[in-house]
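The values are calculated or read from the model by the stated rules, or taken from the named source; none is laboratory data. Computed from a prediction, not measured in an experiment: that's the story for all the values here. No Cβ is skipped: glycine too gets one built from the backbone with ideal geometry, and neighbour counts run over all protein chains shown.
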Amino acid sequence: MAGRLLSIGECMVELMQAEGDLLRKGYAGDSFNTAYYARLFLPEDWSVDYFTAVGTDTVSDEMLAFIEKTGVGTGYIRRIEGRTPGLYMIHLKDGERSFSYWRSVSAAKLLADDADHLRKAAEASDILVFSGITLAILAPNAVETLLLELRRAKAAGKLVVFDPNIRPRLWDDNTRMLETISAGARASSLVMPSFDDEATHFGDADVAATITRYRSLGVENVVVKDGAKGVTLSFGGGASEFVPSAKVEKIVDTTSAGDSFNGAFLARYAADGDPVAAARFAAQTAAAVIQHHGALVARDKLEALF
Ligand code: ADP
């Protein structure tokens, strides 16, 4: 059955060390990465759109052209005069990655400022995806505008998908961070957290505690990702099921492991409604993605998954 997926958040310009001081430019961001993998694996009769705001400058034009080329729709992306996309740089030292960010005045921070536009996009969609990073970059009143729309979508029976992706450096206040993440979960029908983050910030003793906490917030479906171990699913109030991770001989770059898992999971789940089969496929996808460099692995390197 055909449908429409909308992913909401910030895509940034990525600068990566190429050779010496030479830098290579790319584009990435958790919610966009998820849209990219959902597009790769969803049937042709599904559309995938990205919802964000960019500027009117050249790098914004280039980012939109890049997004279009991946098959993700840009029709809902607003352009804001005088703003530019956020930017980050990856530093590689002795195999370890670290990041610098320039995103404090990015266009994407205004993504929820046009409530009518947001409503149109939400009403046109069947699956809505957002993350804790989407919430972290918004001003408090914009968080409210977005969550109001997501609650409406959930009440209308749509699949509202939230990856808490807890990033303390994006929040100036720990209490507000935890409250806003919980509010994001309440607006959702499927939450896909990473256990490490949840244990660190919410103090969950084990995966079962993460599931119980989100279910108590009114989340019907939870998929807890736990790195190399696997994922635990609790769907529709049924018993939890464990799906192990796929074996990986040599990890090359773990960037986008969680995002690729989410995108692949949603693509399969949308197509056939079987969460366990979707988790198995998503585990294979994430395992393949971390054996390549970069957040967005090209389709021809993932041929074995098709
Ligand atoms: P995040 O990248 O969001 O922190 P995780 O580290 O939990 O998320 O990883 C997401 C998914 O990626 C896991 O559920 C698993 O399928 C896969 N994955 C991550 N690390 C490994 C690993 N070492 N071996 C195999 N699969 C892995």
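When segment 84-100 is filtered for residues that are out of contact with any Lys or Arg (no Cβ under 8 Å at 6 or more places or on another chain) and either closer than 19 Å to residue 64 by Cβ or of a type outside the set (Asp, Glu) (or both), the ones remaining, listed by number, are 84, 85, 89, 92, 93, 95, 97, 98, 99, 100. The residue list 271, 304, 298 contains one member that is among the aliphatic types (A, V, I, L, M), under 19 Å from residue 35 (Cβ atoms), surrounded by fewer than 24 Cβ atoms within 10 Å (Cβ to Cβ) and without any contact (Cβ under 8 Å) to a residue 24 or more places away in the chain, which is 298. Criterion first (of a type in the set (D, E, K, R), within 9 Å of the ligand (Cβ to nearest atom) and buried (at least 22 other Cβ atoms within 10 Å of the Cβ)) does residue 247 satisfy it? In short, no. Each residue in segment 250-268 was checked for being in contact (Cβ under 8 Å) with a residue 40 or more places away in the chain and part of a loop (DSSP other than H, G, I, E, B), and 6 of them qualify. Being over 28 Å from residue 94 (Cα atoms), surrounded by 14 or more Cβ atoms within 10 Å (Cβ to Cβ) and touching a Gly at 6+ places or on another chain (Cβ under 9 Å) holds for only one residue in 191, 231, and it is 191.
Of the residues making up segment 215-231, those that are within 13 Å of the ligand (Cβ to nearest atom) and either farther than 13 Å from residue 258 by Cα or outside any strand (DSSP E or B) (or both) are 227, 228, 229. Among the residues making up segment 78-117, those that are of a type in the set (A, V, I, L, M) and surrounded by fewer than 23 Cβ atoms within 10 Å (Cβ to Cβ) are 80, 87, 89, 90, 92, 105, 110, 115.
Each residue in segment 1-30 was checked for being in contact with a strand residue (DSSP E or B) (Cβ under 9 Å, 6 or more places away or on another chain), free of Cβ contacts under 8 Å to residues at least 60 places away in the same chain and not in a strand (DSSP E or B), and 1 of them qualify. Residue 242 falls short on exactly one of the conditions (1) farther than 26 Å from residue 16 by Cβ; (2) surrounded by 20 or more Cβ atoms within 10 Å (Cβ to Cβ); (3) touching a Ser or Thr at 6+ places or on another chain (Cβ under 6 Å), and that condition is (2).
Scanning segment 76-95 for residues being outside any strand (DSSP E or B), of a type outside the set (Ser, Thr, Tyr) and under 19 Å from the mean Cα position of the chain (by Cα) gives a total of 3. Scan segment 34-75 for residues that are part of a loop (DSSP other than H, G, I, E, B), more than 17 Å from the chain's Cα centre (by Cα) and among the hydroxyl-bearing types (Ser, Thr, Tyr) and jot them down. Within segment 34-75, just 56 meets the criteria. Evaluation of residue 257 against the conditions (1) among the aliphatic types (A, V, I, L, M); (2) surrounded by fewer than 16 Cβ atoms within 10 Å (Cβ to Cβ); (3) within 11 Å of the ligand (Cβ to nearest atom) shows that the sole unmet condition is (2).
Among the conditions (1) loosely packed, with under 15 Cβ neighbours inside 10 Å; (2) free of Cβ contacts under 8 Å to residues at least 40 places away in the same chain, residue 43 misses just one, which is (2).
Can you work out which of the residues in segment 232-243 that are within 21 Å of the chain's Cα centre (by Cα) and not aliphatic (A, V, I, L, M) is nearest to the ligand (Cβ to nearest atom)?
Here the residue is 232.
For every residue, the table says whether it meets (1) β-branched (Val, Ile, Thr); (2) under 22 Å from residue 113 (Cα atoms); (3) at pLDDT 95 or above; (4) surrounded by fewer than 23 Cβ atoms within 10 Å (Cβ to Cβ).
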site	(1), (2), (3), (4)
3	no, no, yes, yes
9	no, yes, yes, no
18	no, no, no, yes
50	no, yes, yes, no
61	no, yes, yes, yes
70	yes, no, yes, yes
